[in-house]
Amino acid sequence: MKSSSICIGLLGCGNVGAALVQLLTEQHESVKRRTGLDLSIEAIAVKDLDKDRSIPLPDEVFTTDSASIVNNPEIDLIIEVMGNIEPARELILQALNLGKSVVTANKELLAAHGAELYSAAENSGVDLLFEAAVAGGIPIVRPLRESLAGEPITQIRGIINGTTNFILSRMSQDGVSFDEALKEAQELGFAELDSTYDVEGYDAGAKVAIIATLAFGVEVTSQDVQHEGISKITVEDIKFANQLGHCIKLLAVAEQKVNENGSSEVGARVYPALVPLSHPLAAVNGSFNAVFVEGDAVGELMFYGPGAGGRPTASAVFGDVIDAAGNLQRSHGALIGALDKPNMIPPENLESPFYLNLKVEDQPGVLAQVAEVFGDHGVSIQSMEQEGMGSEARLIFITHSSREKDLFSTINSLNSLSVVSSVDSVLRVIGD
Ligand code: NDP
Ligand code: HSE
């Protein structure tokens, strides 16, 4: 097979970038033999030239001048794994406008400025590929863009943040504290530089925005996503959830529904929820992710695998690089297509069962007062457990499916009852 040289510029050489250089070096000959592509990394942009990267490339390839790499006419393809919105956005736009294909793992950027970048790629007829931006090493972006392009997708639900899943797994299975588990996730290269981006649900929010955009063909941004994180989940919540036959997972949900007026509405949310131990999502532990796709024609699909970490993510980036390099040879690029503005589902109309954890005075008649508040707001109780704590008691409720609007008015009323000391946790519950 005749070989074609493709010169690559790499922006960023941290967890993902360094693993990519390693993988590309290991696989260079095999890829060249199978595809005819002779891939070489010509230049790498970093912030700190003195850091030891332990990668098999000479010091001369490193620079702090990212723009010089993008503007270098010898470079055909740019890989962006530096993170953050700027300067990544400007550099990618410049590369696309110069007719270079781009591969990125940057979900934060795509969830904020995806439409602008997709159209720049389309105008230049080059690729902007981003398999690694959602669920690390799991192929989910390409299936949504290509294999499922004609599927009427109704719902996508899953665990799409490795760091929070790792923390919750370590807390529940090994009794490790939140802070200790987060430290481990950082050391293992799962967490973002600013870990609040993972812990408070922003990362999963960006990913579900990208998923909803691809699945429903509308421009969903991070700002359209309601997100909650796991920072308020306590060891006690995990213990009670286990006693009730559940575990706690940070879930992301994208859905499309037809409302009562006959128009289509899209929802995209991230929240911690109680998941029955018998549910397949309960078996997704550590930094693993899983994504369930439901469509009218295909039924249900499940994608599962490592959702974070340098090497799994580098694998997804590498696949995109080979695809984009091949497309450069054939002079065509993959398109996202036209994106409409979404009509988002009003959150107050969403329904689910809820878990509530209340501290109350331990006196006769308290339970009746509390139960009456639920009834007044039309929220039906499915189960209740009580645990004594001296002069106070802990009440754990699971409700039947209730509208968020009704549930949050119930909480307001409970907070104003003198016998209720505090409503400590409120979490959604998903069914089997
Ligand atoms: P790191 O923080 O480990 O690496 C970032 C790299 O970019 C570093 O080499 C840093 O340089 C360089 N860099 C940052 N800003 C600049 C700048 N302005 N100019 C030049 N170089 C810069 O991040 P990760 O490798 O973990 O993540 C990279 C991207 O991949 C992010 O968008 C992340 O969200 C995404 N991602 C990460 C996954 C993971 O599991 N880690 C999984 C999926 C996606 P220096 O080394 O000198 O500091
Ligand atoms: N910080 C991200 C996570 C990396 O933990 O899932 C993968 O996108």
### Query
How about region 219-234: which of its residues are crowded, with 22+ Cβ neighbours inside 10 Å and more than 28 Å from Asp179 (Cα to Cα)?
Val220
### Query
Among the candidates Asp194, Asp174, Asp198, which residue alone is surrounded by fewer than 22 Cβ atoms within 10 Å (Cβ to Cβ), more than 17 Å from Ile345 (Cα to Cα), within 16 Å of ligand 1 (Cβ to nearest atom) and not assigned by TED's automatic domain parsing to the domain that holds Gly114?
Asp194
### Task
Out of Leu110, Leu39, report the one residue that is touching a residue at least 60 places away in the same chain (Cβ under 8 Å) and within 16 Å of ligand 2 (Cβ to nearest atom).
Leu110
### Task
Could you run through region 61-81 and say how many residues are touching a strand residue (DSSP E or B) at 6+ places or on another chain (Cβ under 9 Å) and either exposed (fewer than 13 other Cβ atoms within 10 Å of the Cβ) or not assigned by TED's automatic domain parsing to the domain that holds Ala132 (or both)?
3
### Task
For Glu108, state whether it is under 30 Å from Asn161 (Cβ atoms) and either among the acidic types (Asp, Glu) or more than 13 Å from ligand 1 (Cβ to nearest atom) (or both).
yes
### Message
Test of understanding: among Val266, Val253, which residue is aliphatic (A, V, I, L, M), surrounded by fewer than 22 Cβ atoms within 10 Å (Cβ to Cβ), in the same structural domain as Ala290 (by TED's automatic domain parsing) and at pLDDT 95 or above?
### Response
Val266
### Summary
Picked from region 130-162 (must be assigned to a strand (DSSP E or B) and among the β-branched types (Val, Ile, Thr)), the residue nearest to Gly307 (Cα to Cα) is Ile159
### Message
Can you tell me which condition Asn242 does not meet? The list is (1) touching a residue at least 24 places away in the same chain (Cβ under 8 Å); (2) away from ligand 2 (no atom under 14 Å from the Cβ); (3) in a loop (DSSP other than H, G, I, E, B); (4) surrounded by fewer than 20 Cβ atoms within 10 Å (Cβ to Cβ), and all the others hold.
### Response
(3)
### Message
For region 145-164, which positions are touching a strand residue (DSSP E or B) at 6+ places or on another chain (Cβ under 8 Å) and either closer than 19 Å to Gly299 by Cβ or of a type in the set (S, T, N, Q) (or both)?
### Response
Leu148, Glu151, Pro152, Ile153, Thr154, Gln155, Ile156, Arg157, Gly158, Asn161, Thr164
### Task
Mind telling me which of the residues Gln173, Gln223 ends up being under 15 Å from the mean Cα position of the chain (by Cα), in a helix (DSSP H, G or I) and not hydrophobic (A, V, I, L, M, F, W, C)?
Gln223
#### Entry: Residue ID - farthest from ligand 1 (Cβ to nearest atom), chosen from residues in region 1-26 that are touching a helix residue (DSSP H, G or I) at 6+ places or on another chain (Cβ under 7 Å) and assigned to a helix (DSSP H, G or I)
Leu24
#### Entry: Positions within region 328-353 being over 12 Å from Glu265 (Cβ atoms), aliphatic (A, V, I, L, M) and buried (at least 17 other Cβ atoms within 10 Å of the Cβ), in sequence order
Leu328, Ala334, Ile336, Leu339
### Task
State whether one or more residues within region 118-129 are buried (at least 23 other Cβ atoms within 10 Å of the Cβ), away from ligand 1 (no atom under 16 Å from the Cβ) and part of a loop (DSSP other than H, G, I, E, B).
yes
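The values are calculated or read from the model by the stated rules, or taken from the named source; none is laboratory data. Just so you know, these numbers come straight off a predicted model, no measurement behind them. Note: ideal-geometry Cβ built from the backbone for every residue, glycine included; neighbour counts use all protein chains shown.
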